[in-house]
Every structure is written in structure tokens, then in C-alpha cells.
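To start, the structure under review is shown below, and the notes come after it.
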Amino acid sequence: MTEIVNFDSLGLAPELLKALTDSGYTTPTPIQAQAIPVALAGGDLMAGAQTGTGKTAAFALPLLQKLLPFANSGASPAKHPVRALILTPTRELAIQVEESVRAYAKHTPLRSLVVYGGVDIRTQTPHLKTGIEVLVATPGRLLDHIEQKTVQLNQVQMLVLDEADRMLDMGFMPDLKRILALLPKQRQNLMFSATFSNDIKKLADDFLTKPQLIEVARSNATNDNVTQKMYSVAQSDKEALLIQLLKAPDAKQVIIFTKTKITANRLSRSLEREGLVADAIHGDKTQQERIKALDAFKAGTITALVATDVAARGLDISELPMVINYEIPSAPEDYVHRIGRTGRAGASGIAISFVSPEEEKYMVEIEKLIKREITKEIIVIEKPVARARTSSTSSTTSSKANRHKSSSSTSHQEASATKRMPTKKKFNDPWFDKPYEAVVAQQHASARSPSIRKAPVAALLGGLIPTK
Ligand code: AMP
């Protein structure tokens, strides 16, 4: 591939270059360097890029550039038909993609909007009616709007399928087919997927026309910037270990992944009882709750966000230093997506997996998928939780008398019953020595107009009024 050292050489318009400078981007990421010229040339694209590679700008920038000739400040909705449609699997991803689109379009009159389920559809309709050029949507809610005739897609000239593999995993294929059948045949299609399964190839065959294939990292590869390690720990000791890590002197922010919503809720409550600021984010939370938790996390007011895999995709928290796999996913691809929350866009990160004996088989599959061995480290668990059982036979964990006040005498007995390490290896991770700033909060604040930030509905629905 040709050497591209800056955005100027990609042929992007000055308005977009200015927005990139505002966003603090200096150099295109590999997916941007490869995808932008192809998309600008007008061809279909099938891009293999995991989250955190800068893929959103890779499709959003050429998309905006191609819509620039239609950009206008006219008040009439008719002057702002939907010209580009971006479909994402989750609401969180939809929101984040639209935020990015809005940030990149801020020096143009192009308008964008996000629509997703879980909120009253009537709150979205008036904004759709004002006219917007770029619509970011989850498939289900888009179909609702199509049925209610609150959106017209007959002028769509660009379609983006973001995280297409996840859309298939989530069973959106029938919805996708219905939506795509309603779009003009003559259009450009950009498809992004973290993995290239046979189903994805089939989707590409069905919907793309002679796509150019771009793959920036091996499918299912994990980011080299992420240090991956695992602790062998009995399921019953995981909570104590987590609390210990989160209470380490310089611990700041972490996303903790669990397999179930119940565990996510329970764990978040336990962390709160320990005096940590935590919240849970998963499919059973209302949209408002999810947005609130995510915003608080981005703003740095929540230290620990406990999430299920549904929430894993699409969470874009820049410079998040750490991800903890409290439970190991049985689908190895989920591991890749989870740890993609850290080490984004060149930043370094740490992914720690708590592996119980029952979960070791999943780690074997994960290591096979990512084609690397994950470092196994030993840690001494200092604080057993009251309900911990001593069924653990793990020789890699031990407990010592509780220094904190919350454990019961039972747990002390249990603690002494567990094996002790011959020498205590103190948890000593460089991450905890590193200063950390919640950069995202500032970035997001600066990318939004103050008026949009203040209005809750507008914040939910994305940029309604283009910022100039
Ligand atoms: P994405 O993979 O699109 O979710 O992007 C991951 C993160 O990288 C987001 O926080 C983007 O704002 C950031 N990003 C995207 N492109 C660049 C770039 N060229 N330089 C620096 N950061 C970037």
C-alpha cells in the first residue's frame, strides 16, 4: 500500500480536514489510509477492521466528502433528503458513530441524526422530518420508521453496514434484507466487519458489487497495544480479586465484562458496597439508564462499568487503560471484541482475564483464535468476600486475613483454609502507576455544541442542528 503520511494527501475537503484537526487527528490510521481512497473513488468496499482501528472515520470521511456537493443551508426539509444510511447493530454504536459523523461534519451544513429502539419513536419523528443527509440507525427502529412512513430512503446513495458480523450474530439478516430492498439500486456500499466468516462473505456477495477487499489486521487478531494476561482464580474468589485490583492505589477506570446480566447487576452492587463508584450496562437496562451510565463513565465519574457482551461492541471510550474479563466468554470472538475496548487508536491498554478452572477450556479456544499465548500471572488475593466458598483447589490463589472491615468471621476461616502462596507476590501492574485522564469527556464536550449537550432529547437523538 502506498505511504500516506497525512490526511491532506488523501484528497479530503478543507472542511473535513479542519474537523480532523479539531479532533486532534494528525495521521490516518491504516484502515483510513486504505479505505478512504477506495471509498472516494466510488467503489464498493468490504473492510475487515476491528473496533478501535479508526474504522468510523474510514467510512464517515469519504461519505461526507461525497455528500458535500449536496450540502446546503436551506430550511426546507426537501433540501435535506437522507442521502447516506449507516446501519449498526447496537444503539450504543449508533450513538457513537453519529457523534463521530457530527464531529467530522461540523464545518459543513450536512446534517446527521441517529435513531434507535428503546426510546419513544415519537421523539425521533420531528427530527427526521426536519431533513437530514446522514442517518445512523439500528435496523429494527429504522424499519419502524419506514412502516410509519416517517423516513424516506429513495435518495440514499451511500450505505454503510458497520460491524456487519455482529449484525448477523444478532439475527438482523431479515431486517437488513428488508431495508436493503427499499434502497435505490444505484448506490455505493461500504461494509465493515471485525471478522470474515463465511456468512459475512455471503452477505458481501449478496449486497456488494465487485467490492474491494481491505483488511488491516488479521481477522480475529487482537490489538498489539493491549497487554493481555490472565489470573487463574476460583469463581468464588473473583469478586475479592476484582475489589483488590480496583482498590489498588492508582486504579482509575475499568470495564468489567460478565457473561450474564444478573452477574453484571450483582457485581456492580457489590462494588458499590465496597465504596467503589460502579454501574452496570446491559440489554435489560433502559436506554436512558445505559446512556446515563456510559456518559458518567466517559466523564470519569464512574470508576467501574460492568458490562455484558451486548454492550461490548461499539463502546468507544478513548484511552481506556484496562478491561477485565470477570467471566470468560464461551465464544472466543467475544473476547476479541471485549478487549478491543482498550488500547484504541494507538493507546496502550491492559486486558486481564479471571480464569476459573471451569473456564480454562474457553481460554484454549481464545488463544487458538488470536494465535497467541496469554501470559499467566500469579496474584495473591488479599481480601476474601463473605460468601466465598473454599471449594477452590487453585494453587495459584490464596487469601490472607482481611484488612477491610466487611468480611465475616466465616470468611476468615475460609481464608485460612485456602492455600497460601509460599511468597506473597504483590500485585504490581505498571498501569496502576500511570496517571490517567478521562480524555473522552473533553473530546466529546468539544465535539458537541453546548446547546445540544444541554438538551436531553437532542443528546439522545444526536445532532439535529448542524454546528457551523
Ligand atoms: P473507531 O475504530 O472508529 O471506533 O475509532 C477508535 C478511536 O480512535 C476513536 O476514539 C476515534 O476518535 C479515534 N481515532 C480515529 N481515527 C483517528 C486518527 N486518525 N488519529 C487519532 N485517533 C483516531
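Read-outs: derived from the displayed coordinates by stated rules, not from any lab. This structure is a prediction, so every number in the text was calculated from the model and none was measured. Don't worry about glycine lacking a Cβ; one is built from the backbone with ideal geometry, like all the others, and counts go over all protein chains shown.
Computed values, structure above
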{"item": "Full-stretch length increase - Glu365, Ala41 - with 0.36 nm per residue and alpha-carbon distance subtracted", "result": "112.6 nm"}
{"item": "Mean shadow area of segment 7-215, taken as a quarter of the surface of its Cα convex hull (nm²)", "result": "10.6"}
{"item": "Table column - 3J(HN,Hα) (Hz), segment 93-103, Karplus curve with 6.51, -1.76, 1.60, x for Gly and Pro", "result": "5, 4, 4, 5, 4, 5, 4, 5, 4, 5, 5"}
{"item": "Under 5 Å, built H, 5+ apart or other chain: amide partners of Met170", "result": "none"}
{"item": "Average Cα contact separation per residue, segment 29-89, under 8 Å, 6 or more apart, as relative contact order %", "result": "33"}
{"item": "Amide H partners (placed H, <5 Å) of Thr195, local residues excluded", "result": "Asp165"}
{"item": "3J(HN,Hα) from dihedral phi, segment 289-305, Karplus parametrisation 6.51/-1.76/1.60, rounded to Hz, x for glycine, proline", "result": "5, 5, 5, 4, 5, 5, 5, 5, 5, 5, 7, x, 7, 9, 8, 10, 10"}
{"item": "Shape metrics for segment 67-190, restricted to C-alpha atoms - Rg then Dmax, Å", "result": "13.5, 41"}
{"item": "Pairwise FRET efficiency - Ser330 versus Val277, Cβ, R0 = 51 Å, nearest 0.05", "result": "0.95"}
{"item": "Ranked by how many other beta carbons lie within 10 Å on average, peptides 176-183, 370-377, 192-199, 233-240 from highest", "result": "233-240, 192-199, 176-183, 370-377"}
{"item": "Phi to ³J(HN,Hα) by Karplus 6.51 cos²θ - 1.76 cosθ + 1.60 over segment 190-204, Hz, x for Gly, Pro", "result": "10, 10, 10, 8, 6, 10, 10, 7, 5, 4, 5, 4, 5, 4, 4"}
{"item": "By average C-beta atoms within 10 angstrom, highest first, the peptides 49-57, 104-112", "result": "49-57, 104-112"}
{"item": "Chain lengthening between Ile262 and Thr286 when straightened (0.36 nm per residue, less Cα-Cα)", "result": "7.1 nm"}
{"item": "Length-normalised contact order of segment 7-215 in % [C-alpha pairs under 8 Å, at least 6 apart]", "result": "28"}
{"item": "Inter-label distance, nm, simple model (7 Å from Cα along the C-beta direction), Asp120/Ser9", "result": "5.3"}
{"item": "Residues whose placed amide H lies under 5 Å from that of Val226, excluding near-sequence neighbours", "result": "Gly349"}
{"item": "Mean Cβ neighbour count within 10 Å, used as a protection proxy, ranking 75-81, 274-280 highest first", "result": "274-280, 75-81"}
{"item": "Length released on extending from Asp199 to Lys177, taking residue separation times 0.36 nm less the Cα-Cα span", "result": "6.5 nm"}
